[in-house]
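Before I ask anything, let me first share the structure, which is written out below as structure tokens.
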Amino acid sequence: MKSYADPDHIVSRMELLDFMNGRTEEEDLSWISPVGHNISKEMLISLPKDNLEYWYQNRSEFENIAGRRLRIADIGCGEGDLTKSLANEYSGADVFGIDISAEAIKSSIINLDDLDNGFAIGGDANQILPELRDFDFIYAINVVQDSKNPIKFLHNLENSLRDGGFMVITAPGEEALKMFPEHRNFDDEKGLPYMIMENIDTEDSKIHWKQYAIPKEDMHKLVAETDLKIVESGNLRADATGLSDLMELLEKEERKEEARKIERLQQKNPKSGPSVNYYLMRKKQ
């Protein structure tokens with residue numbers, strides 16, 4: 001495993017998650033940054049195999065003709081859980097996990113340490129991707145909505161994808177907005193709704209949390225302005241414990257109980273609980 005992290009130059013965007021539930025514990029994807037419940041994670045891992053069949057079945061021939069290995073990127077990789085799973089599943093591919101959080105990348109470095117084809121890179125994906133392009137498959141799991149400009153970020157992801165390559169994006173939609181109606185706002189310039197919580201008390205400071213939501217119709221409009229085409233879409237289940245952590249910040253007992261109820265339901269039935277929209281896209285050849 002190789003590390004390109006430089007903690008002195010990484011600006012963390014994970015303070016809220018650090019405050020709520022820590023990033024060092026082993027866990028499934030949360031509501032804010034989910035790899036998803038186990039069923040969702042298995043589906044995500046299978047996507048390159050299902051959509052890059054020629055490479056998967058004829059890897060040696062592909063590498064001889066193309067003169068390279070398959071390249072996969074996991075944007076917003078966190079501690080590298082999905083990155084590691086992808087590197088293990090696709091041993092003939094180079095898998096790059098990228099995250100702006102210094103603490104997350106430190107954990108990712110440890111997580112990928114025993115893999116020769118897993119790479120942890122710390123920094124802003126907008127700056128790193130142009131240097132690493134092109135990728136055959138890109139994962140952007142609940143990260144587009146956390147960027148300052150989701151529309152620009154989507155174009156940066158598109159430009160980093162090889163012609164004919166695939167990308168999977170997950171982003172909260174209407175369900176998230178309905179869960180936090182008191183924090184709903186609208187960005188007229190970008191034409192997208194967002195949620196914001198201000199002056200959240202942490203142990204030593206106050207922080208602000210802002211997250212865009214991208215309803216399905218808005219995602220289709222954004223993609224229509226690119227060279228990408230949505231070939232599949234649906235919903236993934238996220239870990240309800242992340243929702244409980246976020247509800248704790250609202251300081252309203254009825255909202256906390258609402259989240260705990262959702263969490264209990266998911267414990268009984270893993271297919272229940274909060275969901276996030278996912279889109280499998282392909283870049284035109």
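Output the relative contact order of the range 129-181, whole-number percent, from Cα pairs under 8 angstrom with separation of 6+ residues.
49
Which net charge results when you count Lys and Arg as +1 and Asp and Glu as -1 among the other residues whose beta-carbon is under 11 Å from that of Lys216?
-3
Using Cα pairs closer than 8 Å and at least 6 residues apart in sequence, work out the relative contact order for the range 66-190, in percent.
Relative contact order of the range 66-190: 23 percent.
Sticking with this one: Holding the Cα-Cα limit at 25 Å, pick out from Lys216/Lys284; Lys49/Lys284; Lys106/Lys229; Lys221/Lys252 the pairs that are longer than that.
Beyond 25 Å between Cα atoms: Lys106/Lys229; Lys221/Lys252.
If one computes the Cα centroid of the range 267-285 and of the range 116-162, what distance in Å separates the two points?
With the range 267-285 and the range 116-162 each reduced to a Cα centre, they are spaced 19 Å.
Here is a further query. Just rank Leu236, Leu52, fewest to most, by other beta-carbon atoms within 10 angstrom.
Least to most surrounded, the residues fall as Leu52, Leu236.
Taking the beta-carbon count within 10 Å as an exposure proxy, list Leu280, Leu70 from fewest neighbours to most.
Least crowded to most crowded, the residues run Leu280, Leu70.
Further question: Once the other residues with Cβ under 9 Å from the Cβ of Lys229 are scored (Lys, Arg +1; Asp, Glu -1), what is the net sum?
Counting the neighbours of Lys229, the net charge comes to +2.
By per-residue mean of other Cβ atoms within 10 Å, what is the highest-first order of 258-271, 82-95?
Going from most to least packed, we get 82-95, 258-271.
What dipole magnitude, in Debye to the nearest 20, does the range 135-227 give about its Cα centre under +1 on Lys/Arg Cβ and -1 on Asp/Glu Cβ?
The calculated dipole for the range 135-227 is roughly 80 debye.
Return the inverse of the average 1/r over all pairs of distinct C-alpha atoms in the range 66-199, which is the Kirkwood hydrodynamic radius, in Å to one decimal.
15.9
Measure off 7 Å from each Cα along the Cα-to-Cβ vector at Lys178 and Arg68, then give the distance between these two points in nanometres to one decimal.
Spacing of the two 7 Å Cα→Cβ label points: 4.3 nm.
Throughout, read-outs are computed from the coordinates displayed, never taken from laboratory work. Everything numeric in this text was worked out from a predicted model, so none of it was measured. Glycine gets a Cβ as well: all are built from the backbone with ideal geometry, and neighbour counts include every protein chain shown.
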